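Let me begin by presenting the structure, written as structure tokens, before commenting on it.
The values are calculated or read from the model by the stated rules, or taken from the named source; none is laboratory data. Because the structure is a prediction, the values reported are computed rather than measured. For neighbour counting, all protein chains shown are included, and Cβ atoms are generated from backbone atoms with ideal geometry for every residue, glycine included.
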Amino acid sequence: MNGVQMLHLIITSALVYSTPLVFTALGGTFSERSGVVNVGLEGIMVMGAFSAVVFNLSFYDAFGKLTPWLGILVGGVVGVLFSLIHAVATINLRADHIISGTVINLMAPALGVFLVKAIYNKGQTDNIKGNLGYFTVPGLEKIPVIGPILFKNTYLPAYLAIVVAVLAWFIIFKTRFGLRLRAVGENPQAADTLGINVYAMKYSGVLISGLLGGFGGAVFAQTISGNFSVGTIVGQGFISMAAMIFGKWNPLGAMGGAFFFGFAQSLSIIGAQLPVISSVPSVYLQIAPYLLTIIVLVLFLGKASGPKANGVNYIKSK
């Protein structure tokens, strides 16, 4: 394996494992910018994965290669519906954000497995009929050095995630909607006095997080796991939250954090093919992403400054 091939392997593998984290971390950014802590990202990813796999198995014969991409949209829609539970609980019923999110995380895997048993009469689904696969960008793959590394047999959803991250940054920091979203997350009382519908903005943030979290779960299931079971999404939502905190609630920073954690996860898969790393026991590479998550939270959580009203229930009368 020459240097170009090695770089292609490392980068492509990192893109595959980073993409679900990027989508979900961006979703968490929107939610927390509106002042709602969404610990339930893990559960939202689970339901996004479940719905995408079921859609893929059911409709591949009808839609063919387009099915995995439609599955991402289906996962996003289901993520929105599931995040609505968290929105109602925290915004209208004023439930504790952490408890509400934890309930979603506990409920989603159980609900997913129950539905799988009801539909397929077994504990997990069959492997999907079509995955997202790899794509070569015409023309760009011929660029010397860079082309074979970045644009030949590369992972297209990763580039879509990058576009979404840039778009999310523009929306949050350069649009009226983003300004209102941030205002609600910083000081909802002041935003209310300026005529901003605080509840509507909070709902928008949470539902967008559900959409993007559903995307993340769908991408993970249709690329990495290939089916759905109770262990399909294990810790991915929490790693996404760590990426969001690492990125200081900035979409571009969250994307960078997600790529960092995705790279760490990919090493456990491709490590055996890389010099030096191949000598490291695989168990250490497998626990590395979770260990890094804990370290990042310890080092950055106290120093990172999130929205001031994040996690605080808003009562209009006050």
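(1) of a type in the set (Val, Ile, Thr); (2) crowded, with 24+ Cβ neighbours inside 10 Å; (3) farther than 23 Å from Val230 by Cα: which one isn't true of Thr24, the others all being true?
Among (1) of a type in the set (Val, Ile, Thr); (2) crowded, with 24+ Cβ neighbours inside 10 Å; (3) farther than 23 Å from Val230 by Cα, Thr24 violates only (3).
Show the residue pairs meeting these rules: Cβ distance below 7 Å; 6+ apart or different chains; first residue within the stretch 120-133 and exposed (fewer than 14 other Cβ atoms within 10 Å of the Cβ); second residue part of a loop (DSSP other than H, G, I, E, B).
Gly123/Ser229; Asp126/Asn227; Asn127/Gly226; Asn127/Asn227
Pull out all pairs, ordered by first then second residue, where Cβ-Cβ is under 7 Å, the residues are six or more apart or on different chains, the first lies in the stretch 279-301 and is under 18 Å from Ser266 (Cα atoms), and the second is not in a helix (DSSP H, G or I).
What qualifies is Tyr290/Gly235.
Which one of the conditions (1) in a helix (DSSP H, G or I); (2) touching a helix residue (DSSP H, G or I) at 6+ places or on another chain (Cβ under 8 Å); (3) more than 30 Å from His8 (Cβ to Cβ); (4) aliphatic (A, V, I, L, M) does Val230 fail to meet, given that it meets all the rest?
Checking Val230 against (1) in a helix (DSSP H, G or I); (2) touching a helix residue (DSSP H, G or I) at 6+ places or on another chain (Cβ under 8 Å); (3) more than 30 Å from His8 (Cβ to Cβ); (4) aliphatic (A, V, I, L, M), the one that fails is (1).
Scan the stretch 59-86 for residues that are more than 19 Å from Phe220 (Cβ to Cβ) and either small (Gly, Ala, Ser) or outside any helix (DSSP H, G or I) (or both) and jot them down.
Answer for the stretch 59-86, where residues must be more than 19 Å from Phe220 (Cβ to Cβ) and either small (Gly, Ala, Ser) or outside any helix (DSSP H, G or I) (or both): Ala62, Gly64.
Out of everything in the stretch 134-159 that is over 12 Å from Thr12 (Cβ atoms) and of a type in the set (Gly, Ala, Ser), what residue ends up being nearest to the chain's Cα centre (by Cα)?
Gly147
Restricting attention to the stretch 165-185, and to residues there that are surrounded by 20 or more Cβ atoms within 10 Å (Cβ to Cβ) and of a type in the set (Val, Ile, Thr), which single residue is farthest from the chain's Cα centre (by Cα)?
Restricting to residues being surrounded by 20 or more Cβ atoms within 10 Å (Cβ to Cβ) and of a type in the set (Val, Ile, Thr), the top hit is Val184.
Looking at Ile44, Ile91, Ile99 in this structure, which one is touching a helix residue (DSSP H, G or I) at 6+ places or on another chain (Cβ under 8 Å), at pLDDT 95 or above, of a type in the set (Val, Ile, Thr) and more than 13 Å from Gly210 (Cα to Cα)?
Going through Ile44, Ile91, Ile99 in turn, just one is touching a helix residue (DSSP H, G or I) at 6+ places or on another chain (Cβ under 8 Å), at pLDDT 95 or above, of a type in the set (Val, Ile, Thr) and more than 13 Å from Gly210 (Cα to Cα): Ile91.
With the checklist (1) part of a helix (DSSP H, G or I); (2) small (Gly, Ala, Ser); (3) over 30 Å from Asn227 (Cβ atoms) in hand, flag the one item Ala95 doesn't pass.
For Ala95, the exception is condition (1).
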